[in-house]
Amino acid sequence: MMTEKSVGVVVVTHNSGDQLRETLQHLGEGNNPRTRVWIVDSGSTPSAVPPADIGDRVIACANYGYGSSVNVAVREGLDADWIAVINPDSRIALTELERLASIASESGVNVTSAQLDVKDESGGHFSSLPTPPWKRRERVLRPMENGFIEVLSVQGAVMLIDRETFHQIDGFDEDFFLYFEEVDLCVRARQNGSAVAYFPGVSATHLGESSSMEVQPAWRAAERARGKYIYMKKHYGRISAILSALKDVIASDAPLSVARHLTRDPRKGLPMPARARSN
């Protein structure tokens with residue numbers, strides 16, 4: 001019989017509106033009384049701040065970005081066997097998250113996710129990652145004996161990290177704002193000896209881009225390029241990062257606009273590491 005594992009769910013929201021309520025309704029109730037659902041509001045406009053009576057706790061902070069806001073929840077005391085990060089545009093039941101955490105614990109998997117609603121063999125996750133042009137790109141998509149599929153990184157829309165691994169690698173790197181933070185976490189977890197894999201026996205839906213639907217496409221492209229630049233610089237050096245950013249800017253639909261966005265720090269003036277503003 002599997003040992004029941006508690007899950008600390010973090011839903012990071014930024015002007016997510018009704019998407020957040022739908023996600024919480026879909027989560028429903030869990031089986032483990034220690035499981036909690038915390039909402040971290042990352043700088044929403046006043047009219048879009050979630051009410052205090054949804055979830056088990058609502059934490060307000062400035063717009064620090066995705067991974068940094070998850071770190072805020074952990075610093076504020078969210079304690080469970082597994083930390084689950086759920087986008088406000090993702091749909092999965094809390095009982096399924098608890099089941100996935102228990103199966104992963106029994107299987108020795110440390111960072112995991114569900115099968116997302118895509119039809120490719122990677123389950124919506126990352127079997128290869130960006131590398132410098134002179135380096136052969138690694139590909140990992142290996143079935144494991146326990147039914148998991150090993151990948152290089154799971155997607156941040158729905159991801160679970162066991163508590164020990166989260167603390168061993170110091171959570172999310174707060175240099176990242178919105179993109180590539182989950183990839184960096186998975187890479188560091190693998191370097192630390194942890195297993196990263198998704199489980200096809202549990203399914204989830206990711207609608208996509210709920211917090212950035214209303215922003216300009218150039219802003220979104222710039223933030224993707226920024227996240228990739230930080231990732232490449234951290235893992236492959238400055239030259240690789242510059243080449244990657246140039247390629248992304250040139251390939252975008254509006255290179256000049258993307259380049260202008262990249263000159264603006266999305267978190268200018270915010271104190272780091274990220275901290276709660278109020279509870």
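The values are calculated or read from the model by the stated rules, or taken from the named source; none is laboratory data. Predicted model only: the values in this text are computed from it and were never measured. Glycine gets a Cβ as well: all are built from the backbone with ideal geometry, and neighbour counts include every protein chain shown. Areas reflect the complete protein model, heavy atoms only, side chains present, ligands, DNA and RNA absent. Shrake-Rupley method; radii C 1.70, N 1.55, O 1.52, S 1.80 Å.
A few remarks follow.
- Enumeration of residues in segment 130-171 that are of a type in the set (Ser, Thr, Tyr) and in contact with a strand residue (DSSP E or B) (Cβ under 6 Å, 6 or more places away or on another chain): SER153
- Any hit, segment 219-231, residues being open to solvent by less than 20 Å² (accessible area, probe 1.4 Å), hydroxyl-bearing (Ser, Thr, Tyr), more than 16 Å from ASN110 (Cα to Cα) and not in a loop (DSSP other than H, G, I, E, B): yes
- Scanning segment 56-67 for residues that are touching a residue at least 60 places away in the same chain (Cβ under 8 Å), assigned to a loop (DSSP other than H, G, I, E, B) and open to solvent by 40 Å² or more (accessible area, probe 1.4 Å) turns up just one, ASN63.
- Residue match in segment 74-84 (condition: hydrophobic (A, V, I, L, M, F, W, C) and farther than 30 Å from GLU145 by Cα): yes
- Any hit, segment 72-87, residues being under 17 Å from PHE172 (Cβ atoms), among the small types (Gly, Ala, Ser) and in contact with a helix residue (DSSP H, G or I) (Cβ under 8 Å, 6 or more places away or on another chain): yes
- The lone criterion from (1) among the acidic types (Asp, Glu); (2) more than 18 Å from the chain's Cα centre (by Cα); (3) buried (at least 24 other Cβ atoms within 10 Å of the Cβ) left unmet by ASP53 is number (3).
- Residue that is nearest to ARG190 (Cα to Cα) [pool: residues in segment 232-259 that are of a type outside the set (A, V, I, L, M, F, W, C) and open to solvent by less than 70 Å² (accessible area, probe 1.4 Å)]: HIS235
- Residue within segment 194-210 that is assigned to a helix (DSSP H, G or I) and within 28 Å of SER90 (Cα to Cα) present: no
Yes/no matrix, rows are residues, columns are (1) closer than 27 Å to LEU270 by Cβ; (2) surrounded by 22 or more Cβ atoms within 10 Å (Cβ to Cβ):
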{"site": "THR3", "(1), (2)": "no, no"}
{"site": "VAL10", "(1), (2)": "yes, yes"}
{"site": "THR23", "(1), (2)": "yes, yes"}
{"site": "LEU27", "(1), (2)": "no, yes"}
{"site": "ARG34", "(1), (2)": "no, no"}
{"site": "ASP41", "(1), (2)": "yes, yes"}
{"site": "SER44", "(1), (2)": "yes, no"}
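- ALA73 vs. criteria touching a residue at least 60 places away in the same chain (Cβ under 8 Å) and open to solvent by less than 20 Å² (accessible area, probe 1.4 Å): yes
- In segment 32-47, the residues that are under 17 Å from ARG163 (Cα atoms) and in contact (Cβ under 8 Å) with a residue 12 or more places away in the chain form Cβ pairs under 7 Å with partners that are in a strand (DSSP E or B) and open to solvent by 10 Å² or more (accessible area, probe 1.4 Å), at six or more places apart or across chains, as follows: TRP38/ARG57.
- Scope segment 260-279; condition of a type in the set (Gly, Ala, Ser) and loosely packed, with under 13 Cβ neighbours inside 10 Å; matching residues: GLY269, SER278
- Residue check: VAL74 meets all listed conditions (1) in a strand (DSSP E or B); (2) closer than 23 Å to THR112 by Cβ but one, namely (1).
- Only listed residue being in contact with a His (Cβ under 9 Å, 6 or more places away or on another chain) and among the β-branched types (Val, Ile, Thr), chosen from VAL249, VAL154: VAL154
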